[in-house]
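The values are calculated or read from the model by the stated rules, or taken from the named source; none is laboratory data. Remember, it's a predicted structure, so these values are computed and weren't measured experimentally. Quick reminder, even Gly has a Cβ in these numbers, built from the backbone with ideal geometry, and neighbours come from all protein chains shown. Accessible surface is based on the protein model in full, side chains and every heavy atom, while ligands, DNA and RNA are left aside. Shrake-Rupley method; radii C 1.70, N 1.55, O 1.52, S 1.80 Å.
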Amino acid sequence: MFPRTLTNARLLSQKSRQKPFLEVFMRKRLWTNSLYNVVQGSSFSTEPESLAGARAQKDFLPDFNTSVDVASHSLGVSKAQKARKLRRKLLKENQVAGSLISETLSQMEMDPDFQLTAKRLKEMGQEKLTREERKRRNRALDGIGVKSFNKFLDEQGVPHIARKPTEVFQINVGLYCNQACSHCHVESSPRRKKEQMNHETAKRCIELIKSSPSVKTVDITGGAPELNEEFRFLAKEARALGKEVIDRCNLTVLSEPGQEDLAEFLAENKIHVIASLPCYGADNVDLQRGNGVFERSIMGLLKLNELGYGAEGSGLQLDLVYNPIGPFLPPEQSALEAKYKEELAAEFGIQFNSLFTITNMPIKRYADFLYKRGELQDYMELLVRNFNPSACDTAMCTTYVSVDYDGNIYDCDFNQQLAMKLKNRSSTPITVHDILSTSDIMEKKIMTSNHCFGCVSGMGSSCQGATV
């Protein structure tokens, strides 16, 4: 049947050269309808299209319903134009003034957990606190019959996590921040003014990046990295080397006094912004990150959008980061991304490129949070129960190095906060001043511990979201 239809079409095409235009048009229309009937399983027919056929065709082409009153047609306002209008209206009506720092410090003063941690830090020192935290995780794992991370991998028949050539050079420029988030694994706050990278160390990082051809991305984090004096130097120099540069932005920093030109700086240098926004609703964000943070975060996103961030074809990448508010795994990443885009576009006209889901690591403030709630063992059991062997080969430590504000080198940012420094054969910490290229640490085994279950649970977790 199908070849016959094609043959009739050829004959019709040959005769059409001698036929008047209207007759040829009608014959072609009849053939098109016939071909549609063949595709639908009907017999070949040259009869005029019936009412039933018209209905069937309308069902087949659900948007073939344009009004014939073409004189009334207009372009209207596009979705992009509506979103832009809404963003500008919100920016005009909701200006934020002053620094968030005073509000953050006030909340820290009133928070008994912050006060207790500060007291213990002063009495015991950071090293002892970190050891105690590790012991708590070990006891939690003992309670469910798990001895250590690598032994668990052995029991599962999964190879140990192995280093690959370094692709991402992550720099933590310091712990000073205008926020003090409850989940923060680096325990940043406005009080952490001393832990800051100096120019000598920043300059050496750039030299090391230049001599490491495998490095494709420079990932600058903190704290609020933009508040460090070396941030702009690092960003501009790394871009001059042709590297992708990521700014781990908390969004509220864009409205801090003295940072009025920050958004423009990021756009001019085509800095990839990865911004924290643990929910599209105000209550959850402010609960986790502090009073007033959601409003300032939205204002930050609106500023970035106005400069082209998140717009298709702009070359200005804007990604958001979600982490759970409680002791559970993140939702499926692509589904949550769709929900974020729907909610933020509808409420604020905000656009962004991708959403990254990150599992909360059971270290530092979040470990304290779990311990005080009596949920540390339950959370560790959750991570172990949802172990995903596929996430081991794609764990971020396989292609990352992490450098702290003093220039010490680690396998990842989480190891950095637990003081798990890479060391040479004499057990001396390796710094950026001790190597000529990241290839010099290729033979070093990746250091793992019980917190590593956080990166290989569920769909995997990294600073770039799910890994599986």
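Among (1) in contact (Cβ under 8 Å) with a residue 40 or more places away in the chain; (2) touching a strand residue (DSSP E or B) at 6+ places or on another chain (Cβ under 8 Å); (3) among the aliphatic types (A, V, I, L, M), which single condition is V468 missing?
All conditions pass for V468, except number (2).
Taking the condition in a loop (DSSP other than H, G, I, E, B) and modelled with pLDDT of 95 or more, does E229 pass? Walk me through it before giving the result.
Numbers: in a loop (DSSP other than H, G, I, E, B): yes; modelled with pLDDT of 95 or more: yes.
Considered against the rule, which asks whether it is in a loop (DSSP other than H, G, I, E, B) and modelled with pLDDT of 95 or more, E229 comes out as yes.
Name, by its number, the condition in (1) crowded, with 18+ Cβ neighbours inside 10 Å; (2) out of contact with any Asp or Glu (no Cβ under 9 Å at 6 or more places or on another chain) that does not hold for N353.
Of everything listed in (1) crowded, with 18+ Cβ neighbours inside 10 Å; (2) out of contact with any Asp or Glu (no Cβ under 9 Å at 6 or more places or on another chain), N353 misses just condition (2).
Is at least one residue of region 164-185 in contact with a helix residue (DSSP H, G or I) (Cβ under 6 Å, 6 or more places away or on another chain) and among the basic types (K, R)?
Looking for residues that are in contact with a helix residue (DSSP H, G or I) (Cβ under 6 Å, 6 or more places away or on another chain) and among the basic types (K, R), one finds at least one in region 164-185, hence yes.
Pick out the one residue from L307, L301 that is at pLDDT 95 or above, open to solvent by 30 Å² or more (accessible area, probe 1.4 Å) and more than 30 Å from D113 (Cα to Cα).
Numbers: L301 fails: open to solvent by 30 Å² or more (accessible area, probe 1.4 Å).
One residue alone meets the criteria, L307.
Those residues that are among the aliphatic types (A, V, I, L, M), open to solvent by 40 Å² or more (accessible area, probe 1.4 Å) and not in a helix (DSSP H, G or I), I need them from region 118-149; list them, please.
I144 - this is the single residue of region 118-149 that is among the aliphatic types (A, V, I, L, M), open to solvent by 40 Å² or more (accessible area, probe 1.4 Å) and not in a helix (DSSP H, G or I).
If a residue has to be open to solvent by 30 Å² or more (accessible area, probe 1.4 Å) and in contact with a His (Cβ under 8 Å, 6 or more places away or on another chain) to count, how many in region 272-298 make the cut?
The total comes to 0.
Considering region 223-260 alone, what residues qualify as being open to solvent by 10 Å² or more (accessible area, probe 1.4 Å), under 19 Å from the mean Cα position of the chain (by Cα) and farther than 18 Å from Y309 by Cα?
G223, K243
I'd like the full set of residues that are open to solvent by 70 Å² or more (accessible area, probe 1.4 Å) and more than 30 Å from S212 (Cα to Cα), limited to region 150-170.
Of everything in region 150-170, those that are open to solvent by 70 Å² or more (accessible area, probe 1.4 Å) and more than 30 Å from S212 (Cα to Cα) turn out to be K151, D154, E155, Q156.
In region 209-221, what residues are open to solvent by less than 10 Å² (accessible area, probe 1.4 Å) and touching a strand residue (DSSP E or B) at 6+ places or on another chain (Cβ under 6 Å)? Before you say what the answer is, go through the steps one by one.
Within region 209-221, the first condition is being open to solvent by less than 10 Å² (accessible area, probe 1.4 Å), and the residues that meet it are 209, 212, 215, 218-220.
The answer is I209, V215, V218, D219, I220.
Report yes if T166 is part of a helix (DSSP H, G or I) and either at pLDDT 95 or above or among the polar types (S, T, N, Q) (or both), otherwise no. Full working, then the answer.
Details: part of a helix (DSSP H, G or I): no; either at pLDDT 95 or above or among the polar types (S, T, N, Q) (or both): yes.
It is false that T166 is part of a helix (DSSP H, G or I) and either at pLDDT 95 or above or among the polar types (S, T, N, Q) (or both).
Filter region 263-313 down to the residues that are under 16 Å from G349 (Cβ atoms), charged (D, E, K, R) and over 18 Å from the mean Cα position of the chain (by Cα) and list them by number.
Those that are under 16 Å from G349 (Cβ atoms), charged (D, E, K, R) and over 18 Å from the mean Cα position of the chain (by Cα): E295, K303, E306.
Would you please name the residue that is nearest to V321 (Cα to Cα), looking only at residues in region 182-236 that are among the polar types (S, T, N, Q) and touching a Lys or Arg at 6+ places or on another chain (Cβ under 8 Å)? Step through it out loud before you land on a result.
At the first step, the residues of region 182-236 found to be among the polar types (S, T, N, Q) are 182, 188-189, 196, 198, 201, 211-212, 214, 217, 221, 228.
If we keep only those that are touching a Lys or Arg at 6+ places or on another chain (Cβ under 8 Å) as well, we get 182, 217, 221.
Working: S182: 16, T217: 18, T221: 14 Å.
Among those that are among the polar types (S, T, N, Q) and touching a Lys or Arg at 6+ places or on another chain (Cβ under 8 Å), it is T221.
Tally time: how many residues in region 85-117 are open to solvent by less than 50 Å² (accessible area, probe 1.4 Å), in contact with a Lys or Arg (Cβ under 8 Å, 6 or more places away or on another chain) and assigned to a helix (DSSP H, G or I)?
So the count comes out to 3.
From the list Y340, Y366, pick out the single residue that is more than 27 Å from Q115 (Cα to Cα), of a type in the set (F, W, Y), assigned to a helix (DSSP H, G or I) and open to solvent by less than 40 Å² (accessible area, probe 1.4 Å). Spell out how you get there, then give the answer.
Working: Y366 fails: more than 27 Å from Q115 (Cα to Cα).
Only one candidate qualifies: Y340.
Under 8 Å between Cβ atoms, at least 6 apart or on separate chains: pull out the pairs that start in region 194-209 with a residue that is touching a residue at least 40 places away in the same chain (Cβ under 8 Å) and end on any residue that is in a helix (DSSP H, G or I).
C205/L234; L208/T438; I209/A238
Would you pick out the residues in region 110-131 that are within 31 Å of the chain's Cα centre (by Cα) and acidic (D, E)?
Initially, region 110-131 is screened for residues within 31 Å of the chain's Cα centre (by Cα), giving 111, 113-114, 117-118, 126-127, 129-131.
Those that are within 31 Å of the chain's Cα centre (by Cα) and acidic (D, E): D111, D113, E127.
Looking only at region 180-216, count every residue that is closer than 15 Å to D413 by Cα and either part of a helix (DSSP H, G or I) or touching an Asp or Glu at 6+ places or on another chain (Cβ under 8 Å) (or both) and tell me the total.
Total meeting the criteria: 2.
Do you know which residues across region 343-361 are part of a strand (DSSP E or B) and farther than 29 Å from Y371 by Cβ? Reasoning before the result, please.
Initially, region 343-361 is screened for residues part of a strand (DSSP E or B), giving 354-357.
If the condition is that a residue be part of a strand (DSSP E or B) and farther than 29 Å from Y371 by Cβ, then S354, L355 are the ones that fit.
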